[in-house]
Amino acid sequence: MIRILLGDEADVVLIGVQTILNNADNWDAIYTARSGGELLEVAREAQPQVIVFNERLDPLIDVLALVERLKNAAPQSRLVVLGGQVDGLLVRDLFACGVLGYLFLGDDLGDCLPPALGTVLNNRPYLSPTANAEYLVAMQSPLRNWQLDSEARAVLRLLARGLHISQIAEQMDVPLRRIYWVRQKLRKRFGANTNEHLISMAVSKGFAYGER
Amino acid sequence: MQPIRIVVVDKQDLSRHGVQTLLTKSDYPIQVVGAFADLASTEAYLQTNRVHILLLDDTLPSAPELDQLMERLQTSHPGLNIIILANRLNPRYVRRVFDYGARGFIYKHDRVEDILVQGIKAVWDGNTYLSPRAMTLFCSNWTGTDSNRLNQSDLAVLQLMVDGYNPQEIALQLDLSVRSIYRIYGRLRVLLSVRTNEQIVDTARKRGLLDE
């Protein structure tokens, strides 16, 4: 019995995926979730073979952190991410965290989805055409070896919450120089010209969220 | 009662399939006469076929293109009712969409399954329709004071900050002194109740003060 868990805040997307999978007729159980918390809960209980979820599922948690939690909640599940703003470096980071598939929402997913799921079920990676192209471009980037790790994401979050560099250094217990270096790397990673622009870009990609 | 002839336009396969499935399941006399992933095919179809309602996903055209598209459609197909299937939610944007002649606005992260047909019925009966989250945001912004407290210079500086310009560049663009730009930064921090410049952009976006 093949179980799949779908996570997206938009119910039309969940219904669309279900329609496509029902037509493909290979799936025995389809679970759905509309938030990060619900996705983790269902993943823990159902232990699905495949989890397909939107990279912007939860505004309070970035996609890399969500992947880390999913790997803990359902270690055997193959993870496939649905993304609206394909970023080759992010695809690289996601694969480094254990994701097996990345599908760009603008691609022809009516055709791509069933083979993508079949591929990841065989423990092989799958990228939809646009994601594949962007990944290849990103691998030529000088930043290809610098990952958006938990330290970099923490700096982003704290900047978005209004902390100054010195406060961030103190809170993270690292030298001030290190935080300046990380911020500089982040500006390059997000193609930002200023610190305000960095937060704007990071927010638009779901990597910085201030107090709510 | 003659069926309402509907065309669905959505670049994303998954949500297009989802919308079609919801409409097909409905008991209301609705006929999905076309579903397209691009505007060129949609406009070609509209030239030769009678359509009552166009469900238009707003990721297809960019914001200025959406304005032009709506004007063009209003001129060439005067009886056509347009309902926007929105991925962005911002009161200024909602207002603009209605100014350009939309009859309905359905935010995709609302419970579309529950409200899609309701929105179609409202528009078909000659009313306008706003989905619940859009309505809530629109009303709270209308009664709020953020937009009124910020003047044109504040909004212009805010937009240039988002676009990645530094204070010197913003001063040049707006023909103001750099000192004035720093004064506006300070004013924005006070009005938006934030501590740092990095927080200004994120907070302004959350409050719907930016054009997106």
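The values are calculated or read from the model by the stated rules, or taken from the named source; none is laboratory data. This is a predicted model, so every value here is computed, not measured. Reconstructed Cβ throughout: ideal geometry from the backbone, glycine too, with neighbour counts over all protein chains shown. Protein only, heavy atoms only, side chains kept; ligands, DNA and RNA dropped before computing areas. Shrake-Rupley method; radii C 1.70, N 1.55, O 1.52, S 1.80 Å.
What the table below lists for this structure:
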read-out	value
FRET efficiency, B:GLN68 to A:MET1 (Cβ-Cβ, R0 41 Å, nearest 0.05)	0.20
Global form of the stretch A:3-138, assessed from the alpha-carbon gyration tensor, a/c cut-off 1.5	rounded
Extended-chain gain in nm, criterion 0.36 nm per residue less alpha-carbon gap, B:ARG133 and B:ARG92	13.3 nm
Residues of the stretch A:92-113 buried by at least 40 Å² on assembly (accessible area, 1.4 Å probe, chain alone as reference)	A:LEU105
Computed helical MRE - 222 nm, chain B, DSSP H runs ≥ 4 contributing -39500 (n - 2.57), nearest 500	-16500 deg cm²/dmol
Efficiency of FRET between A:MET172 and A:GLU45 - r from beta-carbon atoms, R0 35 angstrom, step 0.05	0.50
At most 14 other Cβ within 10 Å, DSSP loop - trypsin sites (Lys or Arg not before Pro), the stretch B:174-212	B:ARG195
The protein assembly as shown shape via C-alpha gyration tensor axes, a/c threshold 1.5	oblate
Euclidean distance of C-alpha centroids, the stretch A:85-142 and the stretch A:1-53, integer Å	18
Highest to lowest packing among B:70-76, A:36-42, scored as the average C-beta count within 10 Å	A:36-42, B:70-76
Distribution of pairwise C-alpha distances over the stretch A:164-206, 5 Å bins, in %	6, 24, 26, 21, 18, 4
Lysines with Cα under 27 Å of A:LYS188, excluding same-chain neighbours fewer than 8 positions away	A:LYS205, B:LYS206
Mean-position separation - Cα centroids, the stretch B:29-62 and the stretch B:1-27, in angstrom	10
For the stretch B:1-123: rounded, prolate or oblate by the Cα gyration tensor [a/c cutoff 1.5]	rounded
B:GLU43-A:ASN26 FRET efficiency (beta carbon distance; Förster radius 41 Å; 0.05 resolution)	0.65
Part-to-part distance (alpha-carbon centres) for the stretch B:168-212 and the stretch A:67-81, which is given in Å	40
Gaussian network model of chain A, springs between alpha carbon atoms under 10 Å - residue of A:SER141, A:SER77, A:SER35 with greatest fluctuation	A:SER141
Projected label distance in nm at B:GLN2 and A:ASN122, using a 7 Å step from Cα toward the beta-carbon	5.2
Chain B - percent relative contact order, Cα under 8 Å, separation 6 or more	16
